[in-house]
Amino acid sequence: MKRASTIALLVLFLGKLSATGTPQAGGACDRTCLKGMITSYLSAMVAHDPKALPLATNARFTEDTRTLQPGEGLWKGVSGLRSYRQDFLDVREGQAASHVIVEENGDPIMLALRLKVVNRMITEIETMVTRNRTEGALFSIDNLKIARPEMNVVPDASQRMSRAELIRIAEFYPTGLKAGGSFDAVQAPFAPGAYRIENGSAMAGAGARAGSENIGAQRIIAHPDVSYRIAAVDEELGIVLMRLDFGDTNSYGPGNALTCFEAFKVYGGQLHAVEAFIRIMPANTPSGWDYEVKKPK
């Protein structure tokens, strides 16, 4: 009888511990855990010590779509971290993603990072690095000091949307790119005051050039070959992160396209903000990962 009571108390204790959201050995990775994975990755990179990471035996690492070993690529030259970091935490799918400014040999560069976490072990590391305007088309990195508060608003219960609805609203963006003309042409539900920032440059909304203050009405060229995949969905913050390939529009050199990790702030049925880290790559370059790639209808 005493042994049965002890077991019951233990079960109750474990249940309460799990309910707090504290990461459990062998269990799911909550927001705190996912955020910690990003911090651990960045710290290990600065220390040039990939062995410090909780890597699964089958873990893979890509940088700019190329498969490398952890410790190669940017790892060799990274020298520090700047203050800018915007995380996107997808608890349901175990995806921890971030836009981060790091230093390479003392110079600031843009790092887009995605980690797949299974049983609190990293199984996938996908990164994209943009070092200058030649690589990124735009490069206003000095504007990226801290994450913008607009992206980190926690929608109240009345404005929260289901995962499927968050994705549906965000998908108006690639649909508008494909059609061209303007986002209003596809009835994209941009909120008043919505903005778009690309590589630190204000491209729509407050601070953008004349004629681009209204993101919905702003003139855009058609991108008939645009494609995208869903990289992460932060259901708590209402952010959908996509990896987009804009397709060859004869704008960035023969056969080239903008490739980006672009985040869409969605709540209350509207798009409130768009923020992107961008790199020029050959059009339709496979990401190196086996996720569904979509084209707008």
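The values are calculated or read from the model by the stated rules, or taken from the named source; none is laboratory data. Just so it is clear, the structure is predicted and the values come from calculations on it, not from any experiment. In this analysis, Cβ positions are derived from the backbone assuming ideal geometry, glycine residues included, and neighbour counts consider all displayed protein chains. Each accessible area value is taken on the protein alone, full model and side chains, heavy atoms only, with ligands, DNA and RNA left out. Shrake-Rupley method; radii C 1.70, N 1.55, O 1.52, S 1.80 Å.
Residues in the stretch 92-127 that are of a type in the set (Gly, Ala, Ser) and either open to solvent by 10 Å² or more (accessible area, probe 1.4 Å) or not in a strand (DSSP E or B) (or both): 94, 106.
Yes/no matrix, rows are residues, columns are (1) closer than 23 Å to residue 249 by Cα; (2) touching a residue at least 24 places away in the same chain (Cβ under 8 Å); (3) not hydrophobic (A, V, I, L, M, F, W, C):
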{"position": "163", "(1), (2), (3)": "no, yes, yes"}
{"position": "170", "(1), (2), (3)": "yes, yes, no"}
{"position": "174", "(1), (2), (3)": "yes, yes, yes"}
{"position": "177", "(1), (2), (3)": "yes, yes, no"}
{"position": "186", "(1), (2), (3)": "yes, no, no"}
{"position": "190", "(1), (2), (3)": "no, yes, no"}
{"position": "213", "(1), (2), (3)": "no, no, yes"}
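In the stretch 128-143, the residue that is most open to solvent (accessible area, probe 1.4 Å) out of those that are in contact with a Lys or Arg (Cβ under 8 Å, 6 or more places away or on another chain) and either within 20 Å of residue 96 (Cα to Cα) or assigned to a loop (DSSP other than H, G, I, E, B) (or both) is 139.
Are any of the residues in the stretch 289-297 part of a strand (DSSP E or B), under 22 Å from residue 168 (Cα atoms) and either at pLDDT below 95 or not aliphatic (A, V, I, L, M) (or both)? The answer is yes, given that some residue of the stretch 289-297 is part of a strand (DSSP E or B), under 22 Å from residue 168 (Cα atoms) and either at pLDDT below 95 or not aliphatic (A, V, I, L, M) (or both). Within the stretch 238-288, if we keep just the residues that are open to solvent by 30 Å² or more (accessible area, probe 1.4 Å), assigned to a strand (DSSP E or B) and not polar (S, T, N, Q), the residue that is nearest to residue 195 (Cα to Cα) turns out to be 272. The lone criterion from (1) touching a strand residue (DSSP E or B) at 6+ places or on another chain (Cβ under 8 Å); (2) in a helix (DSSP H, G or I); (3) surrounded by fewer than 19 Cβ atoms within 10 Å (Cβ to Cβ) left unmet by residue 191 is number (2).
In the stretch 65-91, of all residues being basic (Lys, Arg) and either under 19 Å from residue 54 (Cα atoms) or more than 15 Å from the chain's Cα centre (by Cα) (or both), the one that is most open to solvent (accessible area, probe 1.4 Å) corresponds to 76.
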